[in-house]
Amino acid sequence: MEAADQLQEMLENEAPSRSDAIVWLQGDQYDRGKKVFELYQEKFAPRIIITGNDELIGQGKRFEESNISLNAMRSWLLARGVAPPDITVDADPLNTREQAEHVIQLAKKNDWRQLILVGSIYYQMRAFLTFLKYAKESDWTGRILNQMAKIKWDDVPSGRQQTARTYFLVDKKKIEQYRAHVAPVAEGIAYLKSRRSI
């Protein structure tokens, strides 16, 4: 099995545990929100961090992507009963690296020891490796857990034009393209293996 496929399988099968915050990475409209709300409702964390930006949303702003605003994401959670003080909106990051920087600095400031990262099945690996890289660079020794919107590989994520499988292949290339800001796949595998015993 190719290392990236091994890591993907590990990420898909990671179990949630009690954490300090659930991180909702903007993208795929409300696909990821369903997992975020499920984790919050099951009390895996007392707060939700919504992270992204409103500058690159809307039809034609990003290739093959039509997204929703951070306020719409917040309103969606509120409509389902999430308490307003339990939601923090991080509205400045323009990419995954900046999301990692902002969220991990927030974790350090608040002495949070565990985060649940919520992306989509095709994107989770790159998001995780980006957060892992920045955690190491910033000396944050907390734990990063992974949960995801498990979109079927042949389905089209909300606000997108191609299948999850197609975007997964694109994201695997991005891991190489952005390697200055992404931990190596082998490091991600070792990290997850070491964390299983905690």
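Need at least 1 residues that are without any contact (Cβ under 8 Å) to a residue 60 or more places away in the chain per element, so show me which strands (runs of 3 or more DSSP E) inside segment 85-198 make the cut, counting only ones lying wholly within it. Write out each step before concluding.
Numbers: elements: 87-90, 114-120, 143-149.
Result: 87-90, 143-149.
Restricting attention to segment 125-150, which residues are closer than 17 Å to Lys193 by Cα, of a type in the set (S, T, N, Q) and under 14 Å from the mean Cα position of the chain (by Cα)?
Asn146, Gln147
Which residues, counting only those in segment 115-139, are among the small types (Gly, Ala, Ser) and surrounded by fewer than 18 Cβ atoms within 10 Å (Cβ to Cβ)? Full working, then the answer.
Filtering segment 115-139 down to residues among the small types (Gly, Ala, Ser) leaves 119-120, 127, 135, 138.
The answer is Ser138, and nothing else.
Return the residue satisfying two criteria in turn: it lies in segment 88-108 and is touching a Pro at 6+ places or on another chain (Cβ under 9 Å) and under 15 Å from Lys136 (Cβ atoms), and of such residues it is surrounded by the fewest Cβ atoms within 10 Å (Cβ to Cβ). Talk me through it step by step, then tell me what you get.
Our first condition is that a residue be touching a Pro at 6+ places or on another chain (Cβ under 9 Å); within segment 88-108, this holds for 99-103.
Filter again for under 15 Å from Lys136 (Cβ atoms), leaving 100-101, 103.
Values: Ala100: 29, Glu101: 20, Val103: 26.
For segment 88-108, the residue satisfying everything is Glu101.
Please state which of the following conditions Trp112 fails to meet, knowing it meets all the rest: (1) modelled with pLDDT of 95 or more; (2) buried (at least 18 other Cβ atoms within 10 Å of the Cβ); (3) closer than 28 Å to Ala4 by Cα.
Only one criterion is unmet by Trp112, namely (3).
The values are calculated or read from the model by the stated rules, or taken from the named source; none is laboratory data. Source: prediction; values computed, not measured. Reconstructed Cβ throughout: ideal geometry from the backbone, glycine too, with neighbour counts over all protein chains shown.
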